[in-house]
1. Within the range A:45-78, how many residues are more than 24 Å from the chain's Cα centre (by Cα) and over 30 Å from B:Tyr214 (Cβ atoms)?
2. Given the criteria in contact with a Leu (Cβ under 9 Å, 6 or more places away or on another chain), closer than 30 Å to A:Asp66 by Cβ, in a helix (DSSP H, G or I) and not small (Gly, Ala, Ser), does B:Val135 qualify?
3. Could you check A:Val91 against (1) facing chain B (nearest Cβ under 7 Å); (2) within 21 Å of the chain's Cα centre (by Cα); (3) over 30 Å from B:Lys246 (Cα atoms); (4) at pLDDT below 95 and say which number it fails?
4. Counting only residues that are aliphatic (A, V, I, L, M), open to solvent by 20 Å² or more (accessible area, probe 1.4 Å) and touching a residue at least 40 places away in the same chain (Cβ under 8 Å), how many does the range B:280-309 have?
5. Report the residue count in the range B:95-131 for those that are within 18 Å of B:Leu344 (Cβ to Cβ) and polar (S, T, N, Q).
6. Could you list, in sequence order, all residues of the range B:212-238 that are without any contact (Cβ under 8 Å) to a residue 12 or more places away in the chain and either under 19 Å from B:Gly273 (Cβ atoms) or more than 8 Å from every other protein chain (Cβ to nearest Cβ) (or both)?
7. Taking B:Leu17 as the residue in question, decide whether it is aliphatic (A, V, I, L, M) and surrounded by fewer than 24 Cβ atoms within 10 Å (Cβ to Cβ).
Amino acid sequence: MVAITDQLIDDLAHLSRLTFDDAEKAAIKTDMEQMVQFVEKLNEVDTTNVDPLLHITPNQNIFREDIVEGSISREEALKNVPKTDGTYILVPKVIKK
Amino acid sequence: MLSGYTAVYNATVVDRLLAEGAIIIGRQNCDEFAMGSSNEHSAYGPVLNDADNTRVPGGSSGGSAVAVQAGLCMVSLGSDTGGSVRQPADFCGVVGLKPSYGRISRYGLIAYASTFDQIGIFSINIPDAALILEVIAGADDMDSTVSQEPVVAYSSLLSEERNAGKKYKLAYFRQALEHPSLDPEIKSAITGLIDRLTAAGHSVTAIDFELLDYVVPTYYVLTTAEASTNLSRYDGVKFGHQTAEKTEDLTAFYKKNRSEGFGREVKKRIMLGTFVLSAFYFDAYFAKAQQIRRLLSQKSQEIFNNYDALISPNAPCVAFKLGEKQGDATEMYLADIYTVFANLVGIPGISLPLFRTNDGIPFGIQVMSDQLKELSLLALSDQLMQSEGKH
């Protein structure tokens, strides 16, 4: 089985845009060990020459006319924004001096 | 994460119900981002089973199941990614229908795993489920994954089909009924039902399903991968939880927002999903699970070329006690063993409340049919409910 190291947890946490304090990290490490062991079972199945299934319906390329619809107003769009000046969405400064 | 969030548009299903004069009563509790089988992973606290308040209602759509069980409403909606409508319906003694993948538009539904998610219906009887399905199903410009197949008049055709008194060709998985995790009381109830069905002139055949023990791991690899992708939108900028703490850069800001906003079960699944999608492990887990999904899909086609429907338990046990399954990270996952097959292969499944334990705890049976064969599924279900005296 894949070894779940502290380094692996750190890498996955970064890719997931999550942080864990020491206690949480110990817990997630145990959880990951149990979960990876659980899905490891799939290796027992012989899948030689089996193509991966990517789509479960025969539907392909469902298009509609390119007409603007279903849009919401700026006021509505900003309704759930945590920080806004009423026109823009505010985020921490991204360009350093 | 979404505390205080106000929807700025209606889901297609809600609009279609309103257009037919339905009265929307309220919102219902469910496991956070639909991740859970017991309703214990909700920021609002767990819903209690109305048959016994010390027991869970199932999940994730536990609130929707109890709302119908307790008579708060006639019909409610939930979402079913791996059994989240059928299993709580089973635990609460109501009807729970998960239609085929793509039968109902998902516009307005929060995405968990996009190749699995489907909106489902809770009701007290089959005609109500048929009527609601007829109203909410069908093509929608706002969802390109929905099936373009015309909607059948489920409601009116149901009574015609019922009166035809059709004899069905049914199958069940031998390994499902013989599984060591299955509660003996559930097994004997289903065995008894099989005997009555055979006596009534239906054929019921045991078929082999060697992959049963692989369906849950396959399901968790694929759904966590899709969830880690779908949940990347929760960055705390446009909506959702935002940290009160000062952060030095944008990445730290995203991390803080997400780590404060998501609950433990959600973080677990995002981490596993990121793991199986990461370049080094992709082929060993994600591609492997996709290959097994094809084997399952082939199995499903083979079954429905020969049989009208597949019957199965909904869950290995009846509604368990609150806090009972909190040990191993995967203990609760195995409770999905009978329901995830339908989501993996995109077929409809329905939970029928036919039985009670000696202690009065409800449980039922699951019936599945081929993709987009909801009418046949509902007609058979109606016949089963009638013959078992549940009307």
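1. Residues that pass the stated criteria total 16.
2. Numbers: in contact with a Leu (Cβ under 9 Å, 6 or more places away or on another chain): yes; closer than 30 Å to A:Asp66 by Cβ: yes; in a helix (DSSP H, G or I): yes; not small (Gly, Ala, Ser): yes.
Taking the combined requirement at face value, the residue satisfies it.
3. (3)
4. Adding up the residues that qualify gives 1.
5. Total meeting the criteria: 4.
6. B:Ser232, B:Arg233
7. On the way: aliphatic (A, V, I, L, M): yes; surrounded by fewer than 24 Cβ atoms within 10 Å (Cβ to Cβ): yes.
Considered against the rule, which asks whether it is aliphatic (A, V, I, L, M) and surrounded by fewer than 24 Cβ atoms within 10 Å (Cβ to Cβ), B:Leu17 comes out as yes.
Rundown of residues vs (1) outside any loop (DSSP other than H, G, I, E, B); (2) among the hydroxyl-bearing types (Ser, Thr, Tyr); (3) within 14 Å of B:Ala89 (Cβ to Cβ), yes/no style:
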| site | (1), (2), (3) |
| --- | --- |
| B:Thr6 | no, yes, no |
| B:Asp15 | yes, no, no |
| B:Gly26 | no, no, no |
| B:Val47 | no, no, yes |
| B:Asp52 | no, no, no |
| B:Ser76 | yes, yes, yes |
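The values are calculated or read from the model by the stated rules, or taken from the named source; none is laboratory data. Since this is a predicted model, take the numbers as computed values, not measurements. For neighbour counting, all protein chains shown are included, and Cβ atoms are generated from backbone atoms with ideal geometry for every residue, glycine included. The protein model used for the area step is the full one, side chains on, heavy atoms only, and it has no ligands, DNA or RNA in it. Shrake-Rupley method; radii C 1.70, N 1.55, O 1.52, S 1.80 Å.
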